[in-house]
1. Specify the residue that is surrounded by the fewest Cβ atoms within 10 Å (Cβ to Cβ); the eligible residues are those in region 13-35 that are touching a residue at least 40 places away in the same chain (Cβ under 8 Å), more than 11 Å from the chain's Cα centre (by Cα) and part of a strand (DSSP E or B).
2. Just the residues that are of a type in the set (Ser, Thr, Tyr) and either surrounded by fewer than 19 Cβ atoms within 10 Å (Cβ to Cβ) or farther than 30 Å from Gln120 by Cβ (or both), please, taken from region 1-12.
3. Give the residue that is surrounded by the fewest Cβ atoms within 10 Å (Cβ to Cβ), with candidates limited to residues of region 36-45 that are of a type outside the set (Ser, Thr, Tyr) and within 20 Å of Glu123 (Cα to Cα).
4. Filter region 7-34 down to the residues that are farther than 18 Å from Phe70 by Cα and aromatic (Phe, Trp, Tyr), then identify the one that is modelled with the lowest pLDDT.
Amino acid sequence: MGVLLTDVTEFKYGKDSKAYLSAILDYGKNKIVAFKLSKRNNNALVRETVRQIEDDIIPAQTLLHSDRGFQYTSHGFKYFVKKNQIIQSMSRVGKCIDNGPMENFWGIIKEEMYRLRTYQIFEELEQDIKQYIRFYNTQRVTLNMGLSIPA
């Protein structure tokens, strides 16, 4: 694994409930390589997400970029980075564009999946997110597949 981007985003469901999706995007392959949905936005959410890639990390070569959220500045996350010899990169304060490809994925999943229906329960949202990420990684048509924009 080379350059990885990570972040957490929020989805609403039911009357006033929120779910939080933590994901890791492989920048070179433009694929989601790890993700976890939770009812809580906490350090455990990010910890469970990064553990999914632990066996694929190349020490001193894998770069993991995030914003400066509390999860990525926590002692537990710093320990994970040090233990796995990850090169840690963080966005500048107030510059979400530094994590642009990850922010782009959030926009895509929300536009192509989330905004198409209303979710009443967590499990419905979770199932659709799993299906969408599978679709995104394997079937979604992109320019990288050799397509060209019509003139």
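The values are calculated or read from the model by the stated rules, or taken from the named source; none is laboratory data. The structure displayed is predicted, hence computed values, not measured ones. Glycine gets a Cβ as well: all are built from the backbone with ideal geometry, and neighbour counts include every protein chain shown.
1. Once the filter is applied, the top-ranked residue is Ser17.
2. Selection gives Thr9 alone.
3. Among those residues, the one meeting the criterion is Arg40.
4. Out of the qualifying residues, it is Tyr27.
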